[in-house]
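The values are calculated or read from the model by the stated rules, or taken from the named source; none is laboratory data. Treat the numbers as computed from the prediction; the structure is a model and nothing was measured. Virtual Cβ from ideal backbone geometry, glycine too; neighbours counted across all protein chains shown. The area values use the complete protein model at the heavy-atom level, side chains included, leaving out ligands, DNA and RNA. Shrake-Rupley method; radii C 1.70, N 1.55, O 1.52, S 1.80 Å.
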Amino acid sequence: MRILVTGGAGFIGSNLIHYLLATRPDVEIVNLDKLTYAGNLQNLEDLPDARRHTFLRGDVAEPDDVARAFGAGVDQVFHLAAESHVDRSILDSRAFIHSNVLGTQTLIDRLRRQGHGRLVHVSTDEVYGSLGPAGRFTETSPLDPTSPYAASKAASDLLVLAAVKTHGLDAVVTRCSNNYGPYQFPEKLIPLMITNALEDRPLPVYGDGRQVRDWIHVRDHCAALEVVSREGRRGEIYNIGGVGGERENLVIVRTILAALGKSAALIRHVQDRPAHDRRYAICSDRVLGLGWRGQFDLEAGLRETVRWYQEHRAWWEAVKSGAYRSYYEQQYGKRLG
Ligand code: NAD
Ligand code: TYD
């Protein structure tokens, strides 16, 4: 089976390639990635059975690059290539429209032309907006995005779902909650807090820090994507959430500090994110019905992740140099005063 993974040099994409090579002896993988600031070939250095993986640098929104990746044809596409960070989308949203919206349409067009092959469109629970103190997102919750990132993902989901109807595209859409684990770029909450604490820098917590996310280990997400690729029904949406993964941000930050033996005095409450979603919680019943079960307990998964960043200092020190510094200054300079 020939599988195309887009965005396979990023956090989830590289974990997915590790997972597929380890669990699916029947697959060969082509990985199309533009290598933006978030793409990193070091994430793919210790792949099991690397002969079954081919890397191509290219833009998912460029039809010629996508045609090159398809080659003689692909059986399945796991589409993860995207601009993925809410804060960056608030600073500048242009790249989000290019990669997330035009990129998805470009893939749809190629699959139409090929005439067969399944698209697993990897999306996010953020398309649903924010929850109050009770309830969970189901697949029929209304779309109500509150950031340019979430709006661009909602647009891409709708393009895929429309193509299923208009063109009979064989596609499924997944909407997962917040991932954590190895190889996550240190702009997202968990790796930012771990690496800042390791450097004894302040930990910038937005607002009161009592916002809730439904954390899932990236390997559980990858296992769910694999199950949906085989068992998912054409045109269906599948929410994917953590197993008992709901925590307030401050609880996550304090757990990280405790695991590292660092002081809570590093925590700094800073100016909130505009239109900051208060709470996410996922109802995963539909994907559970396909046989998927999450394996990771959040506290154990967090301890494992903290250890990974302790043991891979060279990886994140390289990532946190160069352009990262100007992003950090722009996002946090004023906030941290
Ligand atoms: P990431 O930012 O770590 O990686 C994105 C990858 O896509 C990078 O390797 C980047 O180089 C590549 N890319 C960006 N634009 C591209 C383009 N135009 N053409 C080709 N490659 C391009 O993101 P991630 O956290 O791994 O997220 C992957 C996908 O999963 C995204 O679609 C995101 O919306 C979705 N998702 C993420 C989470 C999460 O918690 N991180 C949760 C749910 C869904
Ligand atoms: P993030 O990892 O950016 O994911 P998302 O916005 O997609 O949920 O943020 C997770 C939560 O952590 C969110 O409520 C925002 C908060 N947060 C902070 O408090 N400080 C930070 O520096 C970052 C990056 C996030």
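Whether any residue in segment 293-300 is more than 16 Å from ligand 1 (Cβ to nearest atom), exposed (fewer than 14 other Cβ atoms within 10 Å of the Cβ) and aliphatic (A, V, I, L, M) is what I want to check. Checked segment 293-300: at least one residue is more than 16 Å from ligand 1 (Cβ to nearest atom), exposed (fewer than 14 other Cβ atoms within 10 Å of the Cβ) and aliphatic (A, V, I, L, M). Evaluated against (1) in a strand (DSSP E or B); (2) more than 20 Å from residue 199 (Cβ to Cβ); (3) more than 16 Å from ligand 1 (Cβ to nearest atom), residue 247 falls short on exactly one condition, (3).
For segment 277-285, does any single residue satisfy the condition of being open to solvent by less than 20 Å² (accessible area, probe 1.4 Å), more than 15 Å from ligand 2 (Cβ to nearest atom) and not polar (S, T, N, Q)? Taking every residue of segment 277-285 in turn, none turns out to be open to solvent by less than 20 Å² (accessible area, probe 1.4 Å), more than 15 Å from ligand 2 (Cβ to nearest atom) and not polar (S, T, N, Q).
Within segment 86-97, residues that are over 11 Å from residue 274 (Cα atoms) and in a helix (DSSP H, G or I) have Cβ atoms under 8 Å from residues that are of a type in the set (Ser, Thr, Tyr) and open to solvent by 70 Å² or more (accessible area, probe 1.4 Å) in no pair, counting only partners at least 6 apart in sequence or on another chain. Kindly establish whether residue 277 is over 25 Å from residue 208 (Cα atoms), acidic (Asp, Glu) and at pLDDT 95 or above. So residue 277 fails the test. Scan segment 240-273 for residues that are touching a residue at least 60 places away in the same chain (Cβ under 8 Å) and either hydrophobic (A, V, I, L, M, F, W, C) or at positive phi (or both) and jot them down. The answer is 240, 252, 253, 256, 257, 260, 266, 267, 270. Looking only at residues in segment 14-50 that are assigned to a loop (DSSP other than H, G, I, E, B) and acidic (Asp, Glu), which one is farthest from ligand 1 (Cβ to nearest atom)? So the residue we want is 26.
Please state which one of 147, 156 is within 23 Å of residue 280 (Cα to Cα) and either of a type in the set (Asp, Glu) or within 13 Å of ligand 2 (Cβ to nearest atom) (or both).
Result of the check over 147, 156: 147.
Selection within segment 36-74: residues that are of a type in the set (Phe, Trp, Tyr) and open to solvent by 50 Å² or more (accessible area, probe 1.4 Å). The member of this set that is nearest to residue 23 (Cα to Cα) is 55. Among the conditions (1) without any contact (Cβ under 8 Å) to a residue 12 or more places away in the chain; (2) over 16 Å from residue 236 (Cα atoms), the only one that residue 198 does not satisfy is (1).
Restricting the search to segment 51-70, which residues are of a type in the set (Lys, Arg) and part of a strand (DSSP E or B)?
Correct list: 57 only.
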